[in-house]
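**Student:** Once you've had a glance at the structure underneath, I'll fire off some questions.
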Amino acid sequence: RIRSRLRASLYWNEWTVRQCAVVIKLLVIAHWVCCANGLTLVFADDDTETWETRAADAGFAVDSPVEAYLFSLHWAVNVVTGVGNSPLIHTTPGELVMAIVLVAAGCVTLARLIGSTISLTKSDDYDLFIHGLHEFDGVLASQGIGPSFRSRCRKYFLNQWQNKAADGAVKTIMQQASPALQSEATVLLNSYWIDQVPFFRDSCSEFCVALVKSTQLVSASKQERLGVPFSMYVVRAGAVLLKNKVLSAGRIWGEDQLLICSLHLLRFDNAVALSYVEVMQLKRSALQAALVPYPEEQHQIRKALVRQVCRAALRVEAQKRLGRFIPDK
């Protein structure tokens, strides 16, 4: 997540981001190896020769925790990068810092050479996508478009690519499963929002599968408005603001839009995307088409429609008597 934000906000090319990720991972791993090496001093006896005493014999006096950490980190970086336990003994903190930087730079250079060699023989879709994204950003910059809009575009396309890649991987695996297993997995993966809708909760698995297949994905960037009448939405990624409520991933809104046909009784509110948002949209026309082969579900939704219309009519009548009803223009 941090790498995605840096890529979108700092306008670094993909190679720079990957090399920074290599350095950060190297330092994090070396830090924990360094800490593990430092723990050996805790369990050692007072008369046992340790790396601290050997460092003192070599001329490096570990007089403070910072000096001990630098010496141990120097050893950890040598081990993590594959250099090994170097016979060169550094005796000052400055030498240790310089050695750590040089070994890390050598590791990055080696990774770059290996990556360049591999990229000559293989170019995946993600590299092509990143290249096109940089070209698009360059066109926007050449036209004098500010960094705010360019950052929004980059965040939108990067998040969209990541979600599509994840969906594609799931679909590839699901296509290899049997039809019964596909149906069961589809119901389980989407039960988090199906169970939130009262008139879908007790439906058969076949209807739930048809319901999921009737949805379509809609993406929106930050501060973009979402929602059209006669549609229900499920938040898959990101968060939206609906009236005074923040709906995060897994929440739904607009289920009454699937039932009530009268614009006089229907309440409609747009949601505002607080970040990159991906939602599943279920239209009323798609629901009606999915209901055709399932008479029991038709009866269940018909009863939910009657209850919903009664509630909406009572709400409208109460608003009229209180003088709060605002008719649609």
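The values are calculated or read from the model by the stated rules, or taken from the named source; none is laboratory data. This structure is a prediction, so every number in the text was calculated from the model and none was measured. Using ideal geometry, Cβ is built from the backbone for each residue, glycine included, and neighbour counts are taken over all protein chains shown. Note: accessible area is taken over every heavy atom of the protein model, side chains too, but ligands, DNA and RNA are not part of it. Shrake-Rupley method; radii C 1.70, N 1.55, O 1.52, S 1.80 Å.
**Student:** Being surrounded by fewer than 15 Cβ atoms within 10 Å (Cβ to Cβ) and at pLDDT below 70 is the filter here, so list the residues in the range 14-43 that pass it.
**Tutor:** Selection gives 15, 16.
**Student:** May I pose another question? Among the listed residues 307, 236, which satisfies the condition of being within 27 Å of residue 210 (Cβ to Cβ), open to solvent by 60 Å² or more (accessible area, probe 1.4 Å), part of a strand (DSSP E or B) and not polar (S, T, N, Q)?
**Tutor:** Result of the check over 307, 236: 236.
**Student:** Report, by residue number, each residue of the range 190-213 that is exposed (fewer than 12 other Cβ atoms within 10 Å of the Cβ) and part of a helix (DSSP H, G or I).
**Tutor:** Within the range 190-213, just 213 meets the criteria.
**Student:** Ok, one more. Out of the range 239-265, which residues are more than 28 Å from residue 313 (Cβ to Cβ), assigned to a loop (DSSP other than H, G, I, E, B) and open to solvent by 30 Å² or more (accessible area, probe 1.4 Å)?
**Tutor:** Once the filter is applied, which keeps residues that are more than 28 Å from residue 313 (Cβ to Cβ), assigned to a loop (DSSP other than H, G, I, E, B) and open to solvent by 30 Å² or more (accessible area, probe 1.4 Å), the range 239-265 yields 248, 249.
**Student:** So which residues in the range 63-88 are at pLDDT 70 or above and among the small types (Gly, Ala, Ser), if there are any at all?
**Tutor:** 64, 68, 72, 76
**Student:** Here's something else I'd like to know. Take the range 167-189 and flag every residue that is assigned to a loop (DSSP other than H, G, I, E, B) and open to solvent by 90 Å² or more (accessible area, probe 1.4 Å).
**Tutor:** 176
**Student:** Tell me the residue from 145, 130, 100 that is surrounded by 12 or more Cβ atoms within 10 Å (Cβ to Cβ), in contact with an Asp or Glu (Cβ under 7 Å, 6 or more places away or on another chain) and modelled with pLDDT of 70 or more, please.
**Tutor:** Testing whether each residue is surrounded by 12 or more Cβ atoms within 10 Å (Cβ to Cβ), in contact with an Asp or Glu (Cβ under 7 Å, 6 or more places away or on another chain) and modelled with pLDDT of 70 or more leaves just 130.
**Student:** Something else: Please list, ordered by first then second residue, the pairs with beta carbon atoms under 7 Å, 6 or more apart or interchain, first in the range 270-281 and without any contact (Cβ under 8 Å) to a residue 24 or more places away in the chain and farther than 20 Å from residue 157 by Cβ, second of a type in the set (Gly, Ala, Ser) and open to solvent by 10 Å² or more (accessible area, probe 1.4 Å).
**Tutor:** Within 7 Å, no pair qualifies.
**Student:** So, one more: From the set of residues in the range 45-62 that are among the small types (Gly, Ala, Ser) and either at pLDDT 70 or above or not in a loop (DSSP other than H, G, I, E, B) (or both), which is nearest to residue 75 (Cα to Cα)?
**Tutor:** Filtering first and then ranking leaves 55.
**Student:** Right, something else. What about residue 150, is it open to solvent by less than 30 Å² (accessible area, probe 1.4 Å), touching a residue at least 12 places away in the same chain (Cβ under 8 Å), part of a helix (DSSP H, G or I) and not hydrophobic (A, V, I, L, M, F, W, C)?
**Tutor:** Taking the combined requirement at face value, the residue does not satisfy it.
**Student:** For the range 207-247, name all the residues that are polar (S, T, N, Q) and within 22 Å of residue 161 (Cβ to Cβ). Working first, answer last.
**Tutor:** Applying the first criterion (polar (S, T, N, Q)) to the range 207-247 yields 214-216, 219, 221, 223, 231, 244.
Listed by number, the residues that qualify are 215, 216, 219, 221, 223.
**Student:** List the residue pairs whose Cβ atoms are under 8 Å apart, where the first residue sits in the range 292-303 and is under 12 Å from residue 210 (Cα atoms), the second is open to solvent by 80 Å² or more (accessible area, probe 1.4 Å), and the two are 6 or more positions apart or on different chains.
**Tutor:** Every condition considered, the pairs that remain are 294/206.
**Student:** Restricted to the range 214-225, and to residues that are open to solvent by 10 Å² or more (accessible area, probe 1.4 Å) and not in a loop (DSSP other than H, G, I, E, B), which residue is nearest to residue 263 (Cα to Cα)?
**Tutor:** For the range 214-225, the residue satisfying everything is 225.
**Student:** Kindly provide the set of residues from the range 276-302 that are in a helix (DSSP H, G or I), buried (at least 20 other Cβ atoms within 10 Å of the Cβ) and among the acidic types (Asp, Glu), ordered by number.
**Tutor:** Listed by number, the list holds a single entry, 297.
**Student:** Out of (1) surrounded by 13 or more Cβ atoms within 10 Å (Cβ to Cβ); (2) under 30 Å from residue 294 (Cβ atoms); (3) among the polar types (S, T, N, Q), the odd one out for residue 162 is which?
**Tutor:** Evaluating residue 162 over (1) surrounded by 13 or more Cβ atoms within 10 Å (Cβ to Cβ); (2) under 30 Å from residue 294 (Cβ atoms); (3) among the polar types (S, T, N, Q) leaves (2) as the failure.
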